[in-house]
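The structure under discussion is supplied below as structure tokens; questions concerning it will follow.
Each reported figure results from applying straightforward, stated rules to the coordinates on display, with no laboratory input. None of the values given here were measured: they were computed from a predicted structure. Here the Cβ positions follow ideal geometry from the backbone for every residue, glycine too, while neighbour counts run over all protein chains shown.
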Amino acid sequence: MTLRSTSIAKIRGGSFDALVIGGGINGAVSAAVLAGRGAEVALVDRGDFGGFTSQESSNLVWGGFKYLEGFELVLVRKLCLSRNRLVRAYPDNVKPISFLATLDAGSPYPPWLAALGSLAYWVIGGFKTHRPRLLSPKKIEQVEPVVDTSGARGGVEYYDAYLSDNDSRFVFGFVRSALDAGAKAVNYVEVISASYQDGRWLVTLRDVDSGDEPFTCTCRVLINATGPFVGDLNEQFEVRTDHRVVYSKGIHLIVPQLTPSDRVLAFYDDTKRLFYVIPMGMRSVIGTTDTRVDSPFTEVTDEDRSFLLDQINRRLDLASPLTPSDVIADRSGVRPLVVRSDSPVDEDVDWTKLSRKHEVETDADRSVITIFGGKLTDCLNVGEEVADAVEALGVPLEPDTHNWYGEPVVHTRAEFFRQARLMHLDDLRSTEGLEALSERLWRRYGRRAFGMLDEIRKDPAMGEDIIESADYVRVELHLAADTEMVTKLEDFLRRRSKIAQVIPDSDVIGSAGLDEAVKILFGHQAEEKLAEYLRDREIPVAT
């Protein structure tokens with residue numbers, strides 16, 4: 001049996017302290033903290049883990065410098081502390097990074113005022129990053145020649161952090177942590193109905209991938225972590241809340257690398273909103289926008305694409321302007337913004353000024369916890385607040401030893417790199433520009449990487465790249481097939497890895513490497529899963 005089928009079997013007819021619905025960042029951390037503190041937990045998502053809002057972020061872990069504009073000092077302080085905590089807990093995954101903000105005549109603030117703001121940001125963050133600095137146009141040109149400084153008044157450099165891999169991969173790390181602590185977690189399982197009687201929920205679930213007959217489980221507490229869909233689910237549960245969410249659409253465009261420097265470039269667009277050029281290996285990510293929408297289902301439009309390309313072309317000194325043909329992939333998602341249920345949000349409200357804070361609300365009568373909003377940066381706080389709410393509903397938890405998050409201890413890391421060095425792991429590949437294989441395997445897999453060393457020792461071919469330019473070796477495919485619940489090809493290409501985001505479809509589809517990868521991941525279902533992926537992506541099948 002696969003990990004997924006085993007998980008479904010354990011949920012079927014099971015009795016749990018808590019059922020978490022939604023496998024984005026909020027649901028993943030909720031399952032991880034509860035399982036880590038001894039609760040019997042199940043986690044389900046009707047799609048893939050990290051497969052909706054949580055896969056569309058900027059991959060930044062930041063305190064929200066731009067929130068200073070709205071004087072949300074308490075929120076900024078809280079986010080800065082959360083950022084610092086994640087940097088400490090995930091030193092190989094959450095890395096400090098420089099932000100260079102260039103200010104021109106159209107920017108809402110002069111450089112000196114922005115410098116004061118960045119200094120305040122540094123102080124609010126507890127001095128845990130490098131000290132910010134004020135830059136002249138000449139200095140900007142020296143450190144970042146790609147920036148067009150002809151109209152610049154100056155700039156500031158300050159520091160935050162970013163994810164070395166992609167956001168969905170980070171989310172799955174919490175799912176994996178929950179599984180390791182005994183939780184039952186499964187993707188592509190939806191909630192059909194739920195009824196509350198005698199202090200327990202009877203929940204009917206269905207496997208949407210196989211289409212098998214529905215099954216049930218019971219739980220003491222339901223946790224609604226469905227992000228932009230929390231209102232729909234609460235309506236189904238007949239739960240009333242003091243909060244609701246409204247939607248802000250943000251997009252990103254992924255293009256070939258615009259600058260080799262490992263820093264984020266920040267600019268104000270023509271609407272006086274900050275947008276960024278974010279490094280992603282040999283690619284750059286341009287974004288994001290902030291547009292009010294009424295539906296959580298969004299896409300990048302031609303207008304969106306043209307706007308961002310025009311904004312960046314006018315602020316960078318490129319050999320040739322970026323065009324739509326330069327866009328390798330794009331991202332489009334919504335921010336679920338929290339407002340009071342009785343507060344109308346009309347067209348006159350400044351959409352970008354709505355707070356990005358989260359709320360955890362409890363219906364004690366029906367034992368339902370709802371998580372509104374939330375950010376990747378604030379995920380540990382969300383998990384701890386959910387644990388407090390579960391305890392308040394009468395579910396006893398073990399003391400929090402903080403074993404449910406973070407990377408392995410430094411001695412374990414040192415032993416991995418010692419073994420990797422003795423077996424000359426990093427000499428297996430000669431392609432220039434690639435991250436050392438030892439660094440990447442440790443960052444992505446932690447303790448599980450020890451088993452990968454054993455497999456490569458037995459068969460050096462396990463350390464070979466599968467898909468050209470994908471930076472993904474054979475042993476990773478086998479581990480993903482066994483332990484990462486890859487159910488659709490998109491789960492692997494888009495979320496467990498970022499291959500679909502950094503390599504054009506034309507370079508992946510039809511390659512021998514992809515054919516081998518699909519066979520490793522899905523065995524006898526390989527052709528079916530590949531055809532499904534091509535159909536969903538509307539990619540023509542070669543004949």
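Residue-wise, which Karplus ³J(HN,Hα) couplings in Hz belong to segment 500-509, taking 6.51 cos²θ - 1.76 cosθ + 1.60, θ = phi - 60°, and x for glycine or proline?
5, 8, 10, 10, x, 3, 5, 8, 9, 5
Round to a whole angstrom and tell me the spacing of the C-alpha centers of segment 1-27 and segment 98-127.
45 Å
Please order 195, 118 by the number of other Cβ within 10 Å, starting at the fewest. Write out the running numbers ahead of the final one.
Details: 195 11, 118 22.
Exposure proxy ranking, most exposed first: 195, 118.
Here is a follow-up. What percent of all Cα-Cα pairs in segment 410-536 falls into each 10 Å bin, going from 0 up to the bin containing the maximum distance?
Final binned percentages: 12, 44, 32, 11, 1.
Something else now. Relative contact order for the chain using alpha-carbon pairs under 8 Å, separation at least 6, rounded to a whole percent?
Worked out over the chain, it gives 18 percent.
Within a 10 angstrom radius of the beta carbon, how do 217, 379, 80 rank from fewest other beta carbons to most?
Numbers: 217 20, 379 27, 80 24.
Ascending Cβ contact count within 10 Å gives the list 217, 80, 379.
Can I ask one more? Here are some pairs, 95/375; 10/375; 95/529; 249/529; 184/529; which of them have Cα atoms lying more than 28 Å apart in this structure?
10/375; 95/529; 249/529
Fewest to most neighbouring Cβ within 10 Å: what's the order for 262, 180?
Lowest count first: 262, 180.
Taking θ as phi - 60°, what are the ³J(HN,Hα) couplings along segment 191-205 by the Karplus curve (6.51, -1.76, 1.60), each to the nearest whole Hz, with x for Gly and Pro?
8, 8, 7, 8, 10, 10, 9, 6, x, 9, 9, 9, 10, 9, 10
Dipole of segment 410-536, Cα-centred, from +1 at each Lys and Arg C-beta and -1 at each Asp and Glu C-beta, to the nearest 20 debye?
Value, rounded to 20: 660 debye.
Here's a follow-up. For the chain, what is the calculated [θ] at 222 nm in deg cm²/dmol (nearest 500), taking -39500 (n - 2.57) for each run of four or more DSSP H residues and dividing by its residue count?
Calculated mean residue ellipticity at 222 nm is -10000 deg cm²/dmol.
Under a Cβ-Cβ cut-off of 10 Å, what is the net charge of the residues other than residue 381 that fall near it, where Lys and Arg count +1 and Asp and Glu count -1?
0
Dipole magnitude of segment 233-287 about its Cα centre, charges +1 at Lys/Arg Cβ and -1 at Asp/Glu Cβ only, in debye to the nearest 20?
So the magnitude is around 160 debye.
Kirkwood Rh and Cα-based Rg: tell me the resulting Rg over Rh for the chain, rounded to two decimals. All intermediate terms of the calculation are to be shown ahead of the outcome.
Details: Rg = 23.3 Å, Rh = 24.4 Å.
Answer for the chain: 0.95.
Using +1 on the beta carbon of Lys and Arg, -1 on that of Asp and Glu, and nothing else charged, what's the dipole of the chain about the Cα centre, debye to 20?
Values: 64 positive and 84 negative charges, 349 e Å.
Around 1680 debye, computed over the chain.
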